[in-house]
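Step one of this worksheet: look at the structure below.
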Amino acid sequence: MANTDPVNDTSSITERILKRAREAAACRVFPIGAVSRGLEGRDLTEMADQKAAGCVAFSDDGFPVRTAQLMRSALEYA
C-alpha cells in the first residue's frame, strides 16, 4: 500500500521500493502508489510517472481524498 515511510507518492519512491525488493529476492512486490501527495488528500500525484516506475494501482489507503473534484481528477487521470 501507499502508506510506506516515506509515502509512495513519486516514481523515485516506487523505484526504491522495487530495487529493495529485488535485492531481498524474498517475494514479488506490486507497489501501490498514493493518489495524493503525502496521503493528505489535497494534491494529485504524478500517477503516470508512478505507473511507468512500476505501480500497479493507486490508493490513499484509508485516508480520505478531501474533495470530489480531486477524486474526479484522479479517476480521469487513471
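Please give the number of the condition residue 26 fails out of (1) in contact with a strand residue (DSSP E or B) (Cβ under 8 Å, 6 or more places away or on another chain); (2) assigned to a loop (DSSP other than H, G, I, E, B).
The number of the failed condition is (1).
Given the criteria of a type in the set (Gly, Ala, Ser) and either exposed (fewer than 15 other Cβ atoms within 10 Å of the Cβ) or in a helix (DSSP H, G or I) (or both), does residue 21 qualify?
Working: of a type in the set (Gly, Ala, Ser): yes; either exposed (fewer than 15 other Cβ atoms within 10 Å of the Cβ) or in a helix (DSSP H, G or I) (or both): yes.
It is true that residue 21 is of a type in the set (Gly, Ala, Ser) and either exposed (fewer than 15 other Cβ atoms within 10 Å of the Cβ) or in a helix (DSSP H, G or I) (or both).
Can you pull out the residues in the range 66-78 that are out of contact with any Phe, Trp or Tyr (no Cβ under 8 Å at 6 or more places or on another chain) and part of a helix (DSSP H, G or I)? I'd like the intermediate steps shown before the answer.
Within the range 66-78, the first condition is being out of contact with any Phe, Trp or Tyr (no Cβ under 8 Å at 6 or more places or on another chain), and the residues that meet it are 66-73, 75-77.
If the condition is that a residue be out of contact with any Phe, Trp or Tyr (no Cβ under 8 Å at 6 or more places or on another chain) and part of a helix (DSSP H, G or I), then 68, 69, 70, 71, 72, 73, 75, 76, 77 are the ones that fit.
Applying the selection to the range 32-65, what residues are loosely packed, with under 15 Cβ neighbours inside 10 Å and assigned to a strand (DSSP E or B)?
If the condition is that a residue be loosely packed, with under 15 Cβ neighbours inside 10 Å and assigned to a strand (DSSP E or B), then 57 is the only one that fits.
Being under 9 Å from the mean Cα position of the chain (by Cα) and touching a residue at least 24 places away in the same chain (Cβ under 8 Å) is the requirement here; does residue 49 meet it?
Details: under 9 Å from the mean Cα position of the chain (by Cα): no; touching a residue at least 24 places away in the same chain (Cβ under 8 Å): yes.
Here the answer is no, as residue 49 does not meet what is asked.
Bear in mind that the values in this text are calculations on the coordinates, not laboratory data. Bear in mind the structure is a predicted one, so any value in this text is a computation, not a measurement. Glycine also receives a Cβ, built like all others from the backbone with ideal geometry; neighbour counts cover every protein chain displayed.
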